[in-house]
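Working notes, beginning with the structure itself.
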Amino acid sequence: MNLLFYNIQTLVQVRSENELLKGEDMKILPCIENAWLYIKDGKIEDFGSMDTYPQHLNIEKIDAQGKLILPTWVDSHTHLVYAGNRESEFVDRIKGLSYEEIASRGGGILNSAKKLQATSEEELFDQSEKRLQEIIAMGTGAVEIKSGYGLNTEAEIKMLRVAKKLEEKYQLPVKKTFLGAHALPPEFKNKKSAYIQHIIDEMLPEIAKNKLADYIDIFCEKGYFDVQDSIQIMQAGKRHGLKSKIHVNQFNSIGGIQAAVENNALSVDHLEVMTKQDIEILKNTSTIPVALPSCSLFLSIPYTPARELINANLALALASDYNPGSTPNGNMNLIVSLACIKMKLTPEEAINASTMNAAYAMEVENQVGSITKGKLANLILTENIPSYSFLPYSFGNNHIKEVYIQGKPQINP
Ligand code: NIG
Ligand code: FE
């Protein structure tokens, strides 16, 4: 697919090189005003300001007067392969039950696992495909997908196979993460060590052998898996060549960040409850903090202290956490808005955290995350809007006119 956009009001996030952006550097969002962008064979071939417009190119041209072009959002943390929904738990929470109370009554993750185990692979694909189509239409052009609602070998593999099929069908970067340690399945009630051993000896080798996962994850939290469990699983993952991306500090700070850093985790995700020491530990490490603000919105829990993380000269990525329990929404535009409104990020910081830094958090920075020659033409073309700050400002509204994946329009193909 070859295309030439011209008269682009602002071409956003233009970079000649990749860089994980930390601290002050997150404040800078490089742009070209009044720009053109040339897409060749599904990739970004060239771009510039209109005074260097390559008029002679004899290809389809699109007038982007009044519109912005951004790289698509990168969503580095989702659970979008799941079966059914949990709106009755949502109603229970409105009536006063907490997320933890619902889980301890057999709801929560175990509720989703029951539904998933009873769903065929075809049906699971259909349900998940709708969610992927929906997030693409909202501007997501690369996504990480976790297992973790199977909780037995067969069902975990079913989830990862569905993620793989979505990747093949939709041709956007997808990373798959094995999250066997998401909750303790009923068959292993009061036998947590046996379940961990089962993950390490049975599930993981099978998944690794079939190349069904890129990463390993653990829900490191009181009442789920503790720090020792997490270390065991991260190390087992490492033996199979899987880096870890872990759920930590969602409700309690129990030492998971230290363990993640010591095991060279690629990312630590959630971080709603952070101590000063947790922030200190992340300094001078390669582990990327990932905040999930729509989970905070939905569960009414604290927002990740993102301002403090950035002020401590750390990198920050943002992701949706799309899942049936804590975030039944994968809209990255809302994430960018929430980051600005609730976490006091500037629009530049929020956009950097949802594009370039997010690409690093799932190791796709060579493919997506910026307008850079040679990267995939995964692009957002906005409606006529005054500036990129208008996107988070006008929260909850849709300002996307078209989304391109490898140069192909997705909304009006
Ligand atoms: O990231 N916290 C752990 N896992 C998911 C939610 C799981 C669920 O409630 O289904 C999360 O929020
Ligand atoms: Fe999650």
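Please work out which residue is least open to solvent (accessible area, probe 1.4 Å), limiting yourself to the range 355-411 and to residues that are small (Gly, Ala, Ser) and within 19 Å of Gly66 (Cβ to Cβ). Looking at the filtered set, the residue picked out is Ser394. Within the range 83-97, is even one residue open to solvent by less than 40 Å² (accessible area, probe 1.4 Å), within 16 Å of ligand 1 (Cβ to nearest atom) and part of a helix (DSSP H, G or I)? Yes: one or more hits.
Output the residues belonging to the range 309-334 that are touching a residue at least 60 places away in the same chain (Cβ under 8 Å) and in a helix (DSSP H, G or I). Once the filter is applied, which keeps residues that are touching a residue at least 60 places away in the same chain (Cβ under 8 Å) and in a helix (DSSP H, G or I), the range 309-334 yields Ile310, Asn311, Met332, Asn333, Leu334. If you go through the range 327-352 and pick out every residue that is out of contact with any Phe, Trp or Tyr (no Cβ under 6 Å at 6 or more places or on another chain) and among the small types (Gly, Ala, Ser), you end up with 2. Against the definition (in contact (Cβ under 8 Å) with a residue 12 or more places away in the chain and in a helix (DSSP H, G or I)), how does Asn352 come out, yes or no? Yes; evaluated as a whole, the condition is true for this residue. When restricted to residues that are open to solvent by less than 30 Å² (accessible area, probe 1.4 Å) and not hydroxyl-bearing (Ser, Thr, Tyr), the range 98-120 contains 7. Applying the condition of being without any contact (Cβ under 8 Å) to a residue 60 or more places away in the chain and open to solvent by less than 40 Å² (accessible area, probe 1.4 Å) to the range 161-178 and asking which residue is nearest to ligand 2 (Cβ to nearest atom) yields Lys176. Quick check: is even one residue across the range 52-75 assigned by TED's automatic domain parsing to the domain that holds Ile288, of a type outside the set (A, V, I, L, M, F, W, C) and open to solvent by 40 Å² or more (accessible area, probe 1.4 Å)? No; the residues of the range 52-75 include none that is assigned by TED's automatic domain parsing to the domain that holds Ile288, of a type outside the set (A, V, I, L, M, F, W, C) and open to solvent by 40 Å² or more (accessible area, probe 1.4 Å).
Counted as qualifying within the range 182-276 are the helices (runs of 4 or more DSSP H) with 2 or more residues that are within 16 Å of ligand 2 (Cβ to nearest atom) and closer than 28 Å to Lys342 by Cα, namely 256-262.
The values are calculated or read from the model by the stated rules, or taken from the named source; none is laboratory data. Just so it is clear, the structure is predicted and the values come from calculations on it, not from any experiment. All Cβ positions, glycine included, derive from the backbone under ideal geometry; neighbour counts span all protein chains shown. The protein model used for the area step is the full one, side chains on, heavy atoms only, and it has no ligands, DNA or RNA in it. Shrake-Rupley method; radii C 1.70, N 1.55, O 1.52, S 1.80 Å.
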